[in-house]
Every structure is written in C-alpha cells, then in structure tokens.
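In what follows, a single structure is set out as structure tokens and then discussed.
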Amino acid sequence: MRLVSLLPSATEIVYALGLGDDLVGVTFECDEPPTVRVDKTVVVGGRDTRGMSPGEIDDYVKTQMAAGADLYTLHADALAGLAPDLILTQDLCRVCALPAGHVSDALDYLGCRADVLSLDPYTLDEVLDTILAVGARTDVPDRAEKLVASLRARLAAIASAIAGRSRPGVAVAEWVDPPFTAGHWIPDLVRAAGGEPVAARPGTRSVQTTWQEFTDAAPDVVLVAPCGFHLDDAAQQARTIAPKFPDASVWAIDANGLVARPGPRLIDGVEAIAAILHPGAVPEPPEGVIARVA
C-alpha cells in the first residue's frame, strides 16, 4: 500500500506501525524520525516561520485566514505522480495542516482515486483510537492494537506511581503572544501526569484568551508548550512570561516532540509532565525535552 501523510503526527503513527517503507509522500513539517524526508516526496509546503516571533506568526495567520487564503500549499502534481492508495489528513485545525476537504477536491480534479482518512482527535483516548484506525486501514490491525496496548500500559504505570499524591494546578500556554489556553488532548495529558488542568479547554479547541485568565486560575505550575516549537524556543518564550507567575514554577516543554502532535509520543509527554509534577515518583525524561525557567 502506498501511503501519503499530510500530518507530522500521522507520519509518526505510520513509522510506529512499521510502515515507513510504504510511505511515499510527506509534508515539509514532517521531521520525526529525523531521516523521514530523505527518500520521501514533499507534497505539502508552507511558509518558513523560523525567525518570526510568536506575535508575527499570529498576525500572519490571522491575515491569511481573514483573506480566505490557505496557510499550506498542496503540490497536486507531485501528489498525483505518487499514485497513493491512502492519504492521511485532518480537519481538526486549519492552522496546523491542510484540511481534508481541500485534499478531496484536489483528488477529484486530478482524477486520483486514493482513499482519504481524516484523523481528528480531541481527547487522548481519541488519539489512541486514530492509531487503531490507521492500523485498520493499512491492514496491520494487530500491530496497532499491540502499540496502543503498550501505550496504555505506560499510562497505567504512571497512574500507579503517582497514586495518592496531591494534584497541583497546571496551566498550559499553547501560545504566548497572544496567549492561548490549552485545549484538545493537552488537559488529558496533565490529568494523566497527576495534575489538575486550570485555565484549560478539555476536549475542545484551544482559544485566544488573556493572561488574566491564567493568573486568576492561580496555577501551581505553568507549562509553556507553544505549538510548532521545540524546547529552545519554548524556553525563550517561557522566560518572557515567567514574571507574570511569581508564585508558580514555570517550565518550558518541547511542544512538537511531546504535546502538540497527536501521536504515540504524547505518552512521552505524559511521562515528562509527571516528572515535573511529581519528581522522584517517575523516571526523569531524557535531556532536551523540558526545562525549568522560574
């Protein structure tokens, strides 16, 4: 089966299921595993936002969306040339990836008969269900079930390790300029790690808010996990907002690696957050994924 992934998270799922050799097309943002783009065709492009501040990126996104313009470009001819059997995409967030409807329209125009599977989880359980869905559509359901069972076993181990401990209030900033609350599956990660999410939108889209909402929630811990950024940039942004929370510990986290992409590595995120909230109860995460800034 020839697979095309239009989502970094879907690419990670494909590799976790042992289907990397079947993947023929990816996006310009697919970077895990690190060698993913070596022999794959990039079929989705977009603006390189490296060097732009969070505020500048937000202004660009809002301007594009207000004008009805796309944030991503589908290289339709390249996609057609790959003759895919299955395309993995989403309708969850126009800011995060190309919507499934655009892909279907392009396939109709090209006369391409590939199936399209839209992965749109809003909760951690639904993320795990998407792994099962990909496994079913790629004829490896046993692999998917085994993978999900192993991920759930890791969650159960965390729950056992932190059982009976107090649950600190945790606010997660998905963006800092302007501030966005944590939505979708991220509050689930906090709960699974032994925290109580505050200033959050569990199971719904994250929304722009004010720092007043964050401070009114009086969090014990603030996690800065800006979507699209790894640890170094997250730490830099965390330092800018740390003075707003003199009574909380402020941490930066590798958002792309641990919390923003709805794939298997979310469980790594739960383990890392648990190490922040309950040091000594769970193993320390590897270097380069979390950092305390205040």
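Six or more apart or on different chains, Cβ under 6 Å: which pairs go from a residue in the stretch 196-218 that's closer than 18 Å to Pro243 by Cβ and in contact (Cβ under 8 Å) with a residue 24 or more places away in the chain to one that's of a type in the set (S, T, N, Q) and surrounded by 12 or more Cβ atoms within 10 Å (Cβ to Cβ)? Could you list them?
Ala199/Thr181
Looking only at residues that are of a type in the set (Val, Ile, Thr) and surrounded by 22 or more Cβ atoms within 10 Å (Cβ to Cβ) in the stretch 186-220, which one is farthest from the chain's Cα centre (by Cα)? Break it down into steps so the answer makes sense when it comes.
Filtering the stretch 186-220 for residues of a type in the set (Val, Ile, Thr) gives 186, 190, 198, 204, 207, 209-210, 215.
Right, trim to surrounded by 22 or more Cβ atoms within 10 Å (Cβ to Cβ) and you get 186, 190, 198.
Details: Ile186: 9, Val190: 14, Val198: 19 Å.
Among residues in the stretch 186-220 that are of a type in the set (Val, Ile, Thr) and surrounded by 22 or more Cβ atoms within 10 Å (Cβ to Cβ), the one farthest from the chain's Cα centre (by Cα) is Val198.
Going residue by residue through the stretch 59-82, is there one that turns out to be in a loop (DSSP other than H, G, I, E, B), at pLDDT 80 or above, within 20 Å of the chain's Cα centre (by Cα) and over 24 Å from Gly25 (Cβ atoms)?
Checked the stretch 59-82: no residue is in a loop (DSSP other than H, G, I, E, B), at pLDDT 80 or above, within 20 Å of the chain's Cα centre (by Cα) and over 24 Å from Gly25 (Cβ atoms).
Condition test on Val270, is it free of Cβ contacts under 8 Å to residues at least 60 places away in the same chain and either of a type in the set (Val, Ile, Thr) or assigned to a strand (DSSP E or B) (or both)?
Considered against the rule, which asks whether it is free of Cβ contacts under 8 Å to residues at least 60 places away in the same chain and either of a type in the set (Val, Ile, Thr) or assigned to a strand (DSSP E or B) (or both), Val270 comes out as no.
Quick test for you: out of Ala252, Ala260, Ala234, pick the one residue that is under 29 Å from Ala156 (Cβ atoms), assigned to a helix (DSSP H, G or I) and outside the structural domain of Thr11 (by TED's automatic domain parsing). I'd like the intermediate steps shown before the answer.
Numbers: Ala252 fails: assigned to a helix (DSSP H, G or I); Ala260 fails: assigned to a helix (DSSP H, G or I).
Going through Ala252, Ala260, Ala234 in turn, the sole match is Ala234.
Which residue out of Ala242, Ala163, Ala255, Ala182 is at pLDDT 95 or above, under 22 Å from Pro8 (Cα atoms) and either surrounded by fewer than 17 Cβ atoms within 10 Å (Cβ to Cβ) or of a type outside the set (Asp, Glu) (or both)?
Every option except Ala255 fails the conditions.
Can you tell me which residues in the stretch 39-51 are surrounded by fewer than 24 Cβ atoms within 10 Å (Cβ to Cβ) and either modelled with pLDDT of 90 or more or under 25 Å from Ala144 (Cα atoms) (or both)? So that I can check it myself, show each step before the final result.
First, pick out the residues of the stretch 39-51 that are surrounded by fewer than 24 Cβ atoms within 10 Å (Cβ to Cβ): 39-42, 45-51.
Within the stretch 39-51, Asp39, Lys40, Thr41, Val42 meet the criteria.
For the stretch 236-259, state whether one or more residues are over 20 Å from Asp58 (Cα atoms) and touching a His at 6+ places or on another chain (Cβ under 7 Å).
yes
So which residues in the stretch 121-144 are more than 18 Å from the chain's Cα centre (by Cα) and either of a type in the set (D, E, K, R) or in a helix (DSSP H, G or I) (or both)?
Gly135, Ala136, Arg137, Asp139, Pro141, Asp142, Arg143, Ala144
Given the structure, is Pro8 touching a Cys at 6+ places or on another chain (Cβ under 6 Å) and either among the polar types (S, T, N, Q) or buried (at least 20 other Cβ atoms within 10 Å of the Cβ) (or both)?
yes
Would you tally the residues in the stretch 145-156 being of a type in the set (A, V, I, L, M), without any contact (Cβ under 8 Å) to a residue 40 or more places away in the chain and surrounded by 14 or more Cβ atoms within 10 Å (Cβ to Cβ)? Even if it seems obvious, please write down each step before you answer.
As a first pass, look at the stretch 145-156 and keep what is of a type in the set (A, V, I, L, M): 147-149, 151, 153, 155-156.
Right, trim to without any contact (Cβ under 8 Å) to a residue 40 or more places away in the chain and you get 148-149, 153, 156.
Now drop any that are not surrounded by 14 or more Cβ atoms within 10 Å (Cβ to Cβ), which leaves 148.
Within the stretch 145-156, residues that are of a type in the set (A, V, I, L, M), without any contact (Cβ under 8 Å) to a residue 40 or more places away in the chain and surrounded by 14 or more Cβ atoms within 10 Å (Cβ to Cβ) number 1.
Being surrounded by 24 or more Cβ atoms within 10 Å (Cβ to Cβ) and either in a helix (DSSP H, G or I) or outside the structural domain of Val44 (by TED's automatic domain parsing) (or both) is the filter here; which residues of the stretch 13-27 pass it?
Passing the criteria: Ile13, Val14.
The values are calculated or read from the model by the stated rules, or taken from the named source; none is laboratory data. Because the structure is predicted, anything quoted here is derived from the model rather than measured. So basically every Cβ, Gly included, is an ideal-geometry build from the backbone, and we count neighbours across all protein chains shown.
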